[in-house]
Amino acid sequence: MHVVLADYFPVLVFVVIAFGIAGAMLGGSLLAGQQKPYAEKLSAYECGFDAFDDARRRFDVRFYLVSILFIIFDLEVAFLFPWAVALGRIGLFGFLSMLAFLGVLTVGFIYEWRKGALDWE
Amino acid sequence: MQHFFLDTTLGLIILTVLEALAMLVPLLVGVAYLTYAERKVLAAIQLRKGPNTVGPFGLLQAFADAIKMITKETIIPSGANRALFLLAPVLTFGLAMMAWAVIPTNNHWAVADINVGILYLFAISSLGVYGILIAGWASNSKYAFMGGLRSAAQMVSYEVSIGLVMVSVLLAVGSLNLNDIVLAQRHVWFALPMFPMFVVFFISALAETNRAPFDLPEGESELVAGFFVEYSSLSFGLFFLGEYANMFLMSGMTTILFLGGWLPPVGIAPFTWIPGPIWFIAKILFVLFVFIWVRGTFPRYRYDQLMRLGWKVFLPFSLLWMVLTAGFLMATGLLPHSGS
Amino acid sequence: MITQIVFWFFAVVLIGSAVMVVSARNPVHSVLFLILAFFNAAGLFLIAGAEFLAMILVIAYVGAVAVLFLFVVMMLDVNFSQLREGLQRYFPVGAAVGLVLFVELALSASAWRIAPNVRDLPHARVPGASSNTEALGELIYTHYVFLFQACGLVLLVAMIGAIVLTLRDRPSAKRQDVAVQHARVPADTLQMMTLGLGESTTGNGGFRRPIGKSAEKPVSRPALVIENSPDREG
C-alpha cells in the first residue's frame, strides 16, 4: 500500500513541476509583453469581416459517432491490456475466451463498415 | 534509488525535484532546438540555407524566437472564455512534459519507475485531445472551432490503433513496466519481428501529433491555423512547443517499444562502451529526423482519406496482427510466464 | 501520515468537484469539473493500491467518455436559460423523486456493514501474480468468462445502437470509392479521334463523352466549338 504511494510520489512532483513551468511561461509572457487591447484587435478572426454569428453551433453528427465508436474500441483495448500480460498463465482457454470477445466486436465492426459509418464524405 | 539516499521526507522531495528538473531542463532545450533543427532539415531538403543569421550557423535562433514570443502581446478575443482560453495551451504543453516522468533513459533510470508505465503513457496521450478541444471552443471563432473538432476526431481515431500496437508489444513482454519492455529486447529489437506494427505505430504517431502529412487540423489553406488561430504570444508558443514536445514523446515511445530503448544495437564490445542514455538520445534523434523528413516529403492527406486510413486500414490490420502475434506466441510457447 | 493527508486531499477535492458538476452554470465547466473528479477518484484508487484501475479510469472515462460529453455540451447548442425556465414547473416532481432516492440511499447506508476482514483485502493477492494487472488478467478471462462475454455483447449493442440512432444517409454526400477509382481504365473515359485537315469536331457530334458506356443522352450542343474561336477568324 505504502509501496504504491512511494512509487507514485515522483509522478506527482513531476506533474506539479511540469504544469508549474508551463504556467510560469504563460504568466511571464503576460507580464513581459505590453498589453494594448482594443475592440477591433479582440474580435474573432474571420478573414477581415466581422464575425457573422456565434461560432458555437450544431455540427455534423458524424463527430459524435466517431467518439462513440472510439469509446467502444478504447474499452476493448482496455480489456486487452491485462489479457496480454497474463496470457502465459491463463493458457488456451483465456486465448479462446478473448477470441470470442473479439469475434463479437468484429461482428459489430463489419456491421458499421457495411452501414457506411466509417465513411467520411 | 531513494532508499539509500536522504531518508527524511524533505530530502526525498528535494531529490525528486532535482531528478525531475534533470529530466525537464534538457527536454526543454531539446524542444527549442528541435524547432531549429526542423527548419534546417527542411531547408536542406528544399536546397535552402535555413536560419543562419542569429549566432553561428543560426544556432541562437531558438532563443531569439523565444524572446520575441515572450515579449509579444497576449490577445484574448472578446468573445472568448478567458480562463479556459489560457488553460488550453498550458494543458497541452504540461501534458507533453509530464509524460516524461516514467520514461527510462537507462536501466532503472526513470524519475518514477511505476508498474503500469505504458498505461500511464497511453492515458496521457489520450488526454491530449482536451487542450485542443478546449482551445477550439474557448476561442469562440469558427476556424478554431472547426480545427479543434477535426483535430479531436483525428487524434481519437488513431488512439485505438496505438493501443492495439501497444498490446501486441506487451504480449511479447508480459509486463506493463517500461523498464521490462526495454529489457525484453535484449536479444532482438521489436522493430524487426513486428515490423508492420512498427510502421503502424509510427504513422499513428504522426497523426496523433498532428504532424504532416496529417496536419490538416491546422491546414493553412482552409482553416488558417486550426484550433490556435486566435492565439498569440506565448499562449501560441506553448501550443507550438507542445507539438514539438509531443514529437519528442512519441519518438521516446517508439524507441522504448520498438528500438530497444537504451540498449546498444548489438551487445558486443565497441557498442557496449557507449553509455545507455547516449544510445537512447541517438535513437530519439533518429526518429525525430524521420518525422521531419516525412514532413519535407509527403503532401497533406485529405480528411476523408485520413479517417479511412485510421478506421478501415489500421484498426482491422493491427487487431488482426495482434491476434496473430498472440496465436504465434501461444503455439511456439514463447509467451512470458508460460512456465509457471 | 502522508498517505492520510493525500487521501483527505483527494477525497475533499473529489466531493468538492462533484458538487461543482451539479451546480456550475456553464455546462462546459460542469464537464471539466467532472474530469477533475475522475482524476481524484483515480488518485484514491492509487492509494488503495489499485494501479491498473486508476489508469483505466483515466483512459476510459477521462480519455474517452468525457470527450464525448464535452463534444455534446460544447456543440449541442442547448439553450440553458430556456431549460431553467422549466425549473419552476417541474420542481415538485423533481423534489419528490429526489426525496425517494435520498430515503432509499439512507436506508441502504444504514444497513451497511463493513466486512470484518476489509483491512486485509488490499493485501490479498492472487497466487503467482506479481501485480494487480496480472491478477485481474488471470481472473477476468477464465473465472469470470461469462461476465466477460456479456461485456462484449453490451459493447456490440452499444455499437449497433449508436449507428442506428445517429447514422443518416445523405444522398448529396460525395464519397470516394478507391476500388472504383483503381478499376477505371482509359478506354472507359477517353476517346481518341483523328480529324482530317480543316475538319471540325462538329462533324463527329462534337466533343462529348463516349456514348456506349453511359445511358445519358448525347449532348446536342458541342461542348467546345473550335471554328468560332477568334484566332481562326483573324
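The values are calculated or read from the model by the stated rules, or taken from the named source; none is laboratory data. Fair warning: this is a prediction, and the values are worked out from it, not measured in the lab. Note that we place each Cβ from the backbone using ideal geometry, even for glycine, and neighbour counts take in every protein chain shown. Just the protein is used for accessible areas: all its heavy atoms, side chains included, with ligands, DNA and RNA removed. Shrake-Rupley method; radii C 1.70, N 1.55, O 1.52, S 1.80 Å.
Filtering segment B:74-103 down to residues that are β-branched (Val, Ile, Thr) and in contact with a Ser or Thr (Cβ under 7 Å, 6 or more places away or on another chain), which residue is most open to solvent (accessible area, probe 1.4 Å)? Of everything passing the filter in segment B:74-103, B:75 is most open to solvent (accessible area, probe 1.4 Å).
Which one of C:68, C:46 is free of Cβ contacts under 8 Å to residues at least 12 places away in the same chain, in the same structural domain as residue C:4 (by the TED database), closer than 19 Å to residue C:2 by Cβ and touching a helix residue (DSSP H, G or I) at 6+ places or on another chain (Cβ under 6 Å)?
After applying the criteria, what remains is C:46.
In segment A:78-94, the residues that are touching a residue at least 24 places away in the same chain (Cβ under 8 Å) never reach a residue that is in a helix (DSSP H, G or I) and open to solvent by 20 Å² or more (accessible area, probe 1.4 Å) with C-beta atoms less than 7 angstrom apart, at least six apart or across chains. Does residue B:241 satisfy the condition of being at pLDDT below 90, open to solvent by 10 Å² or more (accessible area, probe 1.4 Å), aliphatic (A, V, I, L, M) and part of a helix (DSSP H, G or I)? So residue B:241 fits the description; yes. Is there a residue being of a type outside the set (A, V, I, L, M, F, W, C), within 11 Å of another protein chain (Cβ to nearest Cβ), open to solvent by less than 70 Å² (accessible area, probe 1.4 Å) and over 20 Å from the mean Cα position of the chain (by Cα) anywhere in segment B:297-304? Within segment B:297-304, one or more residues are of a type outside the set (A, V, I, L, M, F, W, C), within 11 Å of another protein chain (Cβ to nearest Cβ), open to solvent by less than 70 Å² (accessible area, probe 1.4 Å) and over 20 Å from the mean Cα position of the chain (by Cα). Within segment B:105-118, residues that are over 20 Å from residue B:283 (Cβ atoms) have Cβ atoms under 8 Å from residues that are acidic (Asp, Glu) and open to solvent by less than 20 Å² (accessible area, probe 1.4 Å) in these pairs: B:114/C:51; B:115/C:51; B:116/C:51, counting only partners at least 6 apart in sequence or on another chain.
Of all residues in segment A:84-108, none satisfies the criterion of being charged (D, E, K, R) and within 29 Å of the chain's Cα centre (by Cα). Considering segment B:105-119, and only residues there that are closer than 19 Å to residue B:24 by Cα and facing another protein chain (nearest Cβ under 9 Å), the residue that is surrounded by the fewest Cβ atoms within 10 Å (Cβ to Cβ) turns out to be B:113. Restricting attention to segment C:24-46, the residues that are open to solvent by 30 Å² or more (accessible area, probe 1.4 Å) and within 23 Å of the chain's Cα centre (by Cα) total 8.
Pairing residues of segment A:27-38 that are of a type outside the set (Phe, Trp, Tyr) with residues that are open to solvent by 80 Å² or more (accessible area, probe 1.4 Å) and outside any helix (DSSP H, G or I), at Cβ distances under 7 Å and at least 6 apart in sequence or on separate chains, gives A:33/B:72. With respect to residue B:306, is the statement that it is within 24 Å of residue B:166 (Cα to Cα), part of a helix (DSSP H, G or I) and modelled with pLDDT of 90 or more true? No.
Considering segment B:244-279, the residues that are among the aromatic types (Phe, Trp, Tyr) and not in a helix (DSSP H, G or I) include one that is modelled with the highest pLDDT, namely B:262. Within segment A:84-112, the residues that satisfy the criterion of being closer than 19 Å to residue C:137 by Cα, more than 7 Å from chain C (Cβ to nearest Cβ) and of a type in the set (A, V, I, L, M) are A:84, A:87, A:92, A:96, A:99, A:102.
Filtering segment C:1-20 to residues that are at pLDDT below 90, of a type in the set (Val, Ile, Thr) and within 20 Å of residue C:57 (Cα to Cα) leaves only C:6.
Taken together, B:141, B:168 contain a single residue that is more than 7 Å from every other protein chain (Cβ to nearest Cβ), crowded, with 22+ Cβ neighbours inside 10 Å and of a type in the set (Gly, Ala, Ser), which is B:168.
In this structure, residue B:34 does not satisfy being more than 13 Å from every other protein chain (Cβ to nearest Cβ), at pLDDT below 80 and touching a helix residue (DSSP H, G or I) at 6+ places or on another chain (Cβ under 9 Å). Only one of the listed residues (B:78, B:126) is among the polar types (S, T, N, Q), at the interface with another protein chain (Cβ under 8 Å from one of its Cβ atoms) and part of a helix (DSSP H, G or I). That residue is B:126.
Of B:267, B:261, B:333, all but one fail to be of a type outside the set (Phe, Trp, Tyr), open to solvent by less than 10 Å² (accessible area, probe 1.4 Å) and farther than 22 Å from residue B:38 by Cβ; the exception is B:261.
Mind checking whether some residue in segment B:320-340 is more than 30 Å from residue A:102 (Cβ to Cβ), within 13 Å of chain A (Cβ to nearest Cβ) and of a type outside the set (A, V, I, L, M)?
No; the residues of segment B:320-340 include none that is more than 30 Å from residue A:102 (Cβ to Cβ), within 13 Å of chain A (Cβ to nearest Cβ) and of a type outside the set (A, V, I, L, M).
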